[in-house]
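Okay, so here's the structure we're looking at.
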Amino acid sequence: MPIYGVALLAGCTLVGLFVGDLIGAAMGLEANVGGVGIAMLLLLALTNLPGRDVGPASPSGAGVQFWSLMYIPIIVAMAAKQNVAAAVSGGAMAITAGTLAVLAGFALVPLLSHLARGGGQRGERRDD
Amino acid sequence: MIDVARFADANGLLVAFVFVGLVMLVSAVLARQVGRGRVHASAIAIALGLVLAWAAGVDTGGKNGVADYPLLAGVGVLGGAMFRDFAIVATAFGARVTDLRAAGLAGALSILIGVVLSFAAGAAVAIGFGVTDPAEIATIGAGAATYIVGPVTGASLGVSSSIISLSIAAGLVKAVLVMVATPLIARRIGLDNPASAMVYGGLMGTTSGVTGGLAATDPKLVPYGAMTSTFYTGLGCLMAPSVLYLVVKALV
């Protein structure tokens, strides 16, 4: 039943957000700390329990899969309700921040790929 | 005459589904016709959403983009915190624990390095542009990670909507740039095998950027990059409002 998947997803999200609130309170921040991340790990753990197949093709999985597919539209709705008019004055900052993050990432790909394919092949490095 | 605004308000969420569906439809057409498949339709849709929010903000003088029009108030519900968190958690469903193990240490390491690296780049730029509030610096840094980590961090730290918009804009710049630049730079950074695709997905993080960029480079590499990038947002949402924010707070 898809509703089982939706209920599982909602339950994980609620537990994650609640724990995030508790962690935030414990750290003295009036903020939710990592609630979404905790909920994601919880959902991963529960849908990958040994002997239980809660894959995207299963009826329960379809309930989770639907909301996974809805995330881009929801992000579009979120974008459409943001206070962009006030942010436009800082446009250069957004462009610089985004570009710098991409360049830094590209620069590190060859280095970490080398590590991924085994440090033993160190002598294979070429200058090209 | 029927009061259209009241009718739309009573059926707000349904109006929002139609609104977002139309925005995505227009974006898909733009991606095919104008962008010739170069830029992912979802990136165009988000950009279009931001443009509409900007136009609405100028028009109404409000803070909630198109949701300030009574007719489109439902967009504020669909784009609000509850649905946002719900859908983001659902995206974790695409990843498998066994695949995560297969990604190995380098894959996991690249996610951690990618989050910290992007956050540091974004935070440094924010400081360079004269932002002094630690919560705002952390939100911009989180936005440079992805356009999801930015608003999650911003909402968690309670910054203003304009800073959240900035962080989304930074994440959007990143996503679009990754999509466009990846096929051009793939050979130079050795992006031609599953291992480097996993590292690349972990370093870049932005799932739409990574999957769009890899699809334009070599469709066979998409699942490897998507796998690590799926965990990036989770780790970013976990680290940015907590550890990384505290580091910024201690340094500023």
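Computed values, structure above
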| item | result |
| --- | --- |
| Residue count, the range B:149-184 (criterion: more than 7 Å from chain A (Cβ to nearest Cβ), closer than 22 Å to B:SER242 by Cα and open to solvent by 10 Å² or more (accessible area, probe 1.4 Å)) | 4 |
| Members of the range B:73-107 that are more than 8 Å from chain A (Cβ to nearest Cβ) and at pLDDT 85 or above | B:ALA73, B:GLY74, B:VAL77, B:MET82 |
| The one condition in (1) farther than 21 Å from B:LEU78 by Cβ; (2) among the β-branched types (Val, Ile, Thr); (3) surrounded by 17 or more Cβ atoms within 10 Å (Cβ to Cβ) that B:VAL34 fails to fulfil | (3) |
| Any hit, the range B:188-197, residues being of a type outside the set (A, V, I, L, M, F, W, C), facing another protein chain (nearest Cβ under 7 Å) and under 23 Å from B:LEU109 (Cα atoms) | yes |
| Total residues in the range B:44-79, condition outside any helix (DSSP H, G or I), over 16 Å from B:ALA5 (Cα atoms) and in contact (Cβ under 8 Å) with a residue 12 or more places away in the chain | 3 |
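The values are calculated or read from the model by the stated rules, or taken from the named source; none is laboratory data. The structure displayed is predicted, hence computed values, not measured ones. Don't worry about glycine lacking a Cβ; one is built from the backbone with ideal geometry, like all the others, and counts go over all protein chains shown. SASA here: full protein model, heavy atoms, side chains in, ligands and nucleic acids out. Shrake-Rupley method; radii C 1.70, N 1.55, O 1.52, S 1.80 Å.
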